[in-house]
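Throughout, read-outs are computed from the coordinates displayed, never taken from laboratory work. The shown structure was predicted, so the numbers you read here are calculated from the model rather than taken from an experiment. Quick reminder, even Gly has a Cβ in these numbers, built from the backbone with ideal geometry, and neighbours come from all protein chains shown.
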Amino acid sequence: VRSIRESEADLICVLIDVDNFKVVNDCLGHAVGDELLVLLAGLIRGCVRHDDIVVRFGGDEIVVLMPGCTVERAGQVASQLIALFRQQVGVILSKSIACGLSIGVVSLRRDGAETGRQLIEKADARLYAAKRSGKGQVAGC
């Protein structure tokens with residue numbers, strides 16, 4: 001965070017969560033849950049830039065760090081991921097389980113995080129705001 005701040009560039013943190021992932025694992029098994037994560041990883045790989053950093057943060061949470069990116073561009077990527085996942089998830093899941101993506105987006109400059117931990121915590125708060133608003137959407141753009 002310090003080196004980004006010194007460079008005057010921005011750092012965007014995008015936190016992605018698979019909606020109803022626990023239900024998928026509980027009802028359809030962990031192998032199906034793993035297929036969803038593989039699908040999501042492929043979609044993310046196709047949407048982010050070469051210099052972006054993608055990390056699995058927890059069971060079904062993915063952090064994408066986007067140095068030098070704008071909030072607007074991160075929002076476009078997030079919306080594109082939601083749409084692509086929605087289009088392709090039906091290949092893996094039956095229609096009986098609604099499964100999508102909720103995404104929180106935070107800017108180091110705009111949202112004033114002092115540490116990497118604060119950046120992720122703020123993205124997590126945005127992610128849960130997206131879930132509270134009905135899931136399947138982006139919060140923070």
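Restricting attention to the chain, the count of lysine pairs at 8 or more positions apart or across chains with alpha carbons under 17 Å apart stands at 5. Between residue 55 and residue 109, the modelled labels are 2.3 nm apart [label points 7 Å from Cα along Cα→Cβ]. Each Lys and Arg Cβ is given +1 and each Asp and Glu Cβ -1; about its Cα centre, the chain then shows a dipole of about 280 debye. Let me know the shape class of the chain, please: from the alpha-carbon gyration tensor, a ≥ b ≥ c as square roots of the eigenvalues, rounded when a/c is under 1.5, otherwise prolate if a/b is greater than b/c, or oblate. Verdict is prolate for the chain. Which of these, 26, 52, 124, has the largest mean-square fluctuation under a Gaussian network model of the chain (Cα springs below 10 Å)? Checking each option, the largest mean-square fluctuation is seen for 26.
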